[in-house]
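First the structure, in the form of structure tokens, and then the observations on it.
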Amino acid sequence: MKSSSGGCFVNGLIGEWPRVQRSRWGRHSINLAPNGCDTVGVAVHELGHVLGMAHEQKRRDRDNSIRMNWSNIRSDWKSQFTVGDAFTTGAYDYASIMHYPMYSGQVALDASKPLMTPINCGSNCPRELGQRVGLSKLDHEQMTAMY
């Protein structure tokens, strides 16, 4: 749903397994405000939440794959980066549609510095985190495992 109110978000229960969601909520509304949220990639990200996916950077095992640069994250955004109950049966997915980007002018105190830095990946460390094109291979595998 497009909205004139700001932001990209889902109203309803977010980040829990789908069967739990369905038992508690019958409907979700997705806010896709113009000028930033009204793209296919953002819509796929928000639909991922409706289907039970959490932000990749909230995985309990994320500290094995990324280093958080807490001093560069605005205080009103820190909850988007705290560890939570994200699905973790597969490998950490640097390219997940659910991963926040490495750099963000909206979230960072200094947009020239990263929010997160990939670690323990040697010469295979990505130059970017996340994407807003579509499901990654590991996102697809996660959805298959969840459903």
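Some points to look at:
- The stretch 98-120, subset assigned to a loop (DSSP other than H, G, I, E, B) and among the aliphatic types (A, V, I, L, M), residue farthest from Thr82 (Cα to Cα): Ala111
- Screening Ser123 on (1) assigned to a helix (DSSP H, G or I); (2) touching a Leu at 6+ places or on another chain (Cβ under 8 Å); (3) of a type in the set (Gly, Ala, Ser) shows it passes everything except condition (2).
- Taking the stretch 85-100 as the range and being more than 23 Å from Arg127 (Cα to Cα) and surrounded by 15 or more Cβ atoms within 10 Å (Cβ to Cβ) as the test, the residues that pass are Ala86, Phe87.
No lab work stands behind these numbers, since they all come straight from the coordinates. Keep in mind the model is a prediction, meaning the values are calculated, not measured. Please note: Cβ atoms are built from the backbone with ideal geometry, for glycine as well, and neighbour counts cover all protein chains shown.
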